[in-house]
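For reference, the structure is listed below as structure tokens.
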There are 2 protein chains.
Amino acid sequence: MKLKSECIPCLLGRVLYEANLVTNDESLRIKTLLGACKILIESYDSNLSSAEIATKVHKTAYKLLGTKDPYKKLKEESNRLALQLLPKIKSIVENSEERLKTSMLCAIIGNILDFGIKGSESDPSVLIEKFDRYFSEGLKYDDSGMVETLLRDAEDIVFVTDNCGEIVFDKILCQEIKRFNNRLKITLVVRGEPILTDATMEDAIQLGFDEVVDRILTTGTFAVGLDIKEIPAALKKALEDNDLIICKGMANYEALSETDYKPIAYLLRTKCTAIANDMNLPLNVNAIKLYD
Amino acid sequence: MKLKSECIPCLLGRVLYEANLVTNDESLRIKTLLGACKILIESYDSNLSSAEIATKVHKTAYKLLGTKDPYKKLKEESNRLALQLLPKIKSIVENSEERLKTSMLCAIIGNILDFGIKGSESDPSVLIEKFDRYFSEGLKYDDSGMVETLLRDAEDIVFVTDNCGEIVFDKILCQEIKRFNNRLKITLVVRGEPILTDATMEDAIQLGFDEVVDRILTTGTFAVGLDIKEIPAALKKALEDNDLIICKGMANYEALSETDYKPIAYLLRTKCTAIANDMNLPLNVNAIKLYD
């Protein structure tokens, strides 16, 4: 996706959120925001994706704030709370007549654990309070049937994760995918470096993904979604040679919608109008949308 | 008030709003937002008020968008809808045992009826419903007693207006002030040029303020609130030589809190944390706060 005009105030709102997480020094916060404005002006190019521009902005903000991971505590809290919900989610999935589809929906609901953007929840504890409501909304756009068809005959799939917390539910989805087709191999992808609230290798290992998936790769870099110009060789090969890419969350859409990798199924909640409009979906809905 | 870090994304959000009012050309919208970022970087100075910086940002945005008054239609709609509410407000004030204080509260509520900003509020019935809710909240900070004391003996007061729509209710307040003390003279102040949704001389004349107040002056310039470095001579004299300045809304606080003009009574709803914190008031409350 290209950067939209509405992304600019939103991106700066996210930088403000990061600044507030890191410091009480108002002059440093202002310096960081003005630094973010500067890099936005310098790096703006209508050919770049919103993810590429956001990467530059966050990199500058982290540097000015003197932090490598402003969201560290929030990420830990997200995982902790998602793990509290795990027995409930497992029971919902195991008692469902459509286990695979239900596990997809649960993994999408995990995607509400996103901080610092409009339309997301500011406190991880709301996940527990609101899970039922989001679950009852179901899927407002549902390509799960086509995704299941692809999974039935698949040998290799790539699963690109998004946020911490959410990744706890992604593990159940990976287990259900394996249960649905025990011959297929899953390559899990996490971020190469801490960025926003996204999961890294540390989270994947800690949550025992090595017991469920066949391989864990990283995006290799500090990037919103992934840096499509700097994809590590092994990941590049995996993205080129598979039967389906499953992408969680908006950032991965922002980055991968600019590539030719196909088929890709995006599993997300449309939390902003820029992405909702770009995907031709309503705002604030749970969606599985396949691009093939 | 000095510019706060949180003002930066907010200000750019307002520029986006202006861009959306004026054009569907996404590249022009992005150009305008980046131009706003640029002037923000260039003009930022910790000695300037948030109003002064916002003035520069909006001036640049208007220029890039090729408009002199992006809010024109919204302002007309605001006045039209406020006039529909007028009989109700008049009746509330006339039946009140504290007419002056009640008219102050109504004028403050005018400050929150951001007509047209949200689509649903263009429905007068929604406005009436919303008015009742805000009215029942009353004043969460109430210096009206001290303001009345000042008004009782006043000979000259200055009344600095804010938004269109709201100004319809300000007229009732001016009438009640005159009823309270028929010897005092009111100098009404409107904006020198169209800026945001603020009232100008055209609005004041159209709404018949000349029948109520003794004099109408303008801020003389294109400015959020007023440009304290470019105050016209007559207004400067009025601000220096009076018994009370009544200021409606947040923009006037942003500009005038940087000056030594006293006493000033701010009549507003705290619609953002930056101003609420600066005034040491809760967020989203109706307040009359006197600085003397």
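The values are calculated or read from the model by the stated rules, or taken from the named source; none is laboratory data. Because the structure is a prediction, the values reported are computed rather than measured. For neighbour counting, all protein chains shown are included, and Cβ atoms are generated from backbone atoms with ideal geometry for every residue, glycine included. Just the protein is used for accessible areas: all its heavy atoms, side chains included, with ligands, DNA and RNA removed. Shrake-Rupley method; radii C 1.70, N 1.55, O 1.52, S 1.80 Å.
Of the residues making up the stretch B:43-60, just one is open to solvent by 20 Å² or more (accessible area, probe 1.4 Å) and among the aliphatic types (A, V, I, L, M), namely B:L48. None of B:L188, B:L217, B:L184, B:L173 is out of contact with any His (no Cβ under 7 Å at 6 or more places or on another chain), open to solvent by 20 Å² or more (accessible area, probe 1.4 Å) and over 18 Å from B:T55 (Cβ atoms) except B:L217. Inclusion of A:G165 among residues that are at positive phi and small (G, A, S) is warranted.
Total residues in the stretch B:61-78 satisfying the condition of being surrounded by 20 or more Cβ atoms within 10 Å (Cβ to Cβ) and either part of a helix (DSSP H, G or I) or in contact with a strand residue (DSSP E or B) (Cβ under 8 Å, 6 or more places away or on another chain) (or both): the figure is 7. Which number in (1) touching a residue at least 60 places away in the same chain (Cβ under 8 Å); (2) more than 17 Å from B:N163 (Cβ to Cβ) marks the one condition that B:K237 misses? Condition not satisfied by B:K237: (1). Considering every residue within the stretch A:108-116, establish whether at least one is open to solvent by less than 20 Å² (accessible area, probe 1.4 Å), without any contact (Cβ under 8 Å) to a residue 60 or more places away in the chain and under 21 Å from the mean Cα position of the chain (by Cα). No - not one qualifying residue is present in the stretch A:108-116.
Would it be correct to say that B:D241 is open to solvent by less than 20 Å² (accessible area, probe 1.4 Å) and either of a type in the set (D, E) or touching a Cys at 6+ places or on another chain (Cβ under 6 Å) (or both)? Taking the combined requirement at face value, the residue does not satisfy it.
Of everything in the stretch B:249-270 that is open to solvent by less than 10 Å² (accessible area, probe 1.4 Å) and in a loop (DSSP other than H, G, I, E, B), the residue that is nearest to B:D170 (Cα to Cα) is B:G249. Of A:T187, A:T149, all but one fail to be without any contact (Cβ under 8 Å) to a residue 12 or more places away in the chain and either in contact with a Lys or Arg (Cβ under 8 Å, 6 or more places away or on another chain) or not in a strand (DSSP E or B) (or both); the exception is A:T149. Only one of the listed residues (A:I246, A:I195, A:I231, A:I216) is touching a residue at least 12 places away in the same chain (Cβ under 8 Å), over 25 Å from A:D142 (Cα atoms) and part of a strand (DSSP E or B). That residue is A:I216. Pairs linking a residue in the stretch A:6-26 that is more than 9 Å from every other protein chain (Cβ to nearest Cβ) and open to solvent by 20 Å² or more (accessible area, probe 1.4 Å) to a residue that is polar (S, T, N, Q) and not in a helix (DSSP H, G or I), with Cβ atoms under 6 Å and 6 or more positions apart or on different chains, are A:V22/A:T67. Considering only residues that are open to solvent by 20 Å² or more (accessible area, probe 1.4 Å) and either on the phi > 0 side of the Ramachandran plot or more than 8 Å from chain A (Cβ to nearest Cβ) (or both), which ones fall in the stretch B:27-42? Within the stretch B:27-42, B:L28, B:K31, B:I39, B:E42 qualify. Summed over the stretch A:49-81, residues that are within 14 Å of another protein chain (Cβ to nearest Cβ) and charged (D, E, K, R) total 1.
The numbered conditions (1) more than 8 Å from chain B (Cβ to nearest Cβ); (2) over 18 Å from B:P9 (Cβ atoms) are all true for A:S46 except (1). Within the set B:A154, B:A199, the sole residue that is under 14 Å from the mean Cα position of the chain (by Cα), among the hydrophobic types (A, V, I, L, M, F, W, C) and open to solvent by less than 10 Å² (accessible area, probe 1.4 Å) turns out to be B:A199.
Determine whether B:I30 is modelled with pLDDT of 95 or more, assigned to a helix (DSSP H, G or I) and within 18 Å of B:Y253 (Cβ to Cβ). It is false that B:I30 is modelled with pLDDT of 95 or more, assigned to a helix (DSSP H, G or I) and within 18 Å of B:Y253 (Cβ to Cβ). Taken over the stretch B:202-213, residues that are surrounded by fewer than 17 Cβ atoms within 10 Å (Cβ to Cβ) and of a type in the set (A, V, I, L, M, F, W, C) amount to 1.
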